[in-house]
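Contents: one structure, followed by commentary.
None of the figures in this text is laboratory data; all of them are computed from the coordinates on show. Everything numeric in this text was worked out from a predicted model, so none of it was measured. Cβ coordinates were reconstructed from backbone atoms using ideal geometry, including for glycine residues, and neighbour counts include every protein chain displayed.
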Amino acid sequence: MALVQTQTITPRQLSNPIAVIRVSGRISKAQPPRSTRTNKALLSHSPQIPTAHPDINITLLRNKLLLQCRPYIPSSLLSLALEDGIYSRATHWITPSSQSASKFGKRKRYFVLHTATFSFESTASAWEARILSGGSQPIDAGNGVVVFVKERREWEGFMRGYRRQGRRAGELMGTRQREMERGWRDAWRARCGLGVEGGKKEGPMWVLVKSAVGKIVKGEA
């Protein structure tokens, strides 16, 4: 049978932490007790989304956008907006009552505008809207409404192929391609009246909607 070596710790050693460490050969750290209590604040948290208000008419905003973007919208989507055209043009989007309902824009509501159908999807937060839209920049439409634009699938497919081709063409052709892309993006922004100081990832529908929203907010559309 193998001999087991033991060592006795004297009271003097217990009063000296260094002596205890040397005797035991390892440092034992006291672990804080684990809390098994659930954070009730996290469980009870839910986004405070302002409810729809009759003085903030999202349908009116949609119809105004359709009329402003009419040359670039399929005719099948325009029927309701055209039927309601006189009312949409004559009615202001931002009014004293809508301002009061939105607490002068402080009560935020976030929407994703699906440009394939020109329909609004309400979301719980700006973060969720940005993810669903594919990374769109927010557009402040007034009345506390913030719009994120989901580009059409055709545009997204075109850009994937366009950039893939540029990567395969080499550095020189890739540089020329990026310059060409910047040129037609700036030309589109200028055509929509936004200037040429925009970001690189803005799609054509985002620029179009941004321009239209600016006119609607000012009461020009």
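Eigen-decomposition of the gyration tensor built on the alpha-carbon atoms of the stretch 56-113 gives equivalent ellipsoid semi-axes of 24, 14, 8 angstrom, largest listed first.
Distances between placed amide hydrogens fall under 5 Å for V145 paired with R109, all partners being 5 or more residues away or on another chain. Note on K64: aspartates and glutamates with a C-alpha under 14 Å away, same-chain residues under 8 apart excluded, are E83, D84, E220. Computing FRET efficiency as 1/(1 + (r/R0)^6) for A187 and R89, where r is the C-beta to C-beta distance and R0 is 41 Å, gives about 0.90. Between Q165 and S97, the FRET efficiency estimated from the beta carbon spacing at R0 = 35 angstrom works out to 0.10. Among Y110, Y72, a tally of other beta-carbon atoms within 10 Å of each Cβ gives an order, fewest to most, of Y72, Y110.
If the segment from S119 to R176 were pulled out straight at 0.36 nm per residue, it would be longer than the present Cα-Cα gap by 16.8 nm.
Listed values for the stretch 85-94 are Karplus-derived 3J(HN,Hα) couplings in whole Hz (6.51 cos²θ - 1.76 cosθ + 1.60, θ = phi - 60°), namely x, 5, 5, 4, 6, 7, 9, 7, 6, 9, and x replaces Gly and Pro.
Working from label points 7 Å from Cα in the Cα-to-Cβ sense, the F158 to K215 distance is 2.1 nm. Each of I56, I73 was scored by other Cβ atoms within 10 Å of its Cβ. Arranged with the fewest first, they read I73, I56. For K108, a cut-off of 14 angstrom between C-alpha atoms picks up these aspartates and glutamates, skipping any fewer than 8 places away in its own chain: E128, D140.
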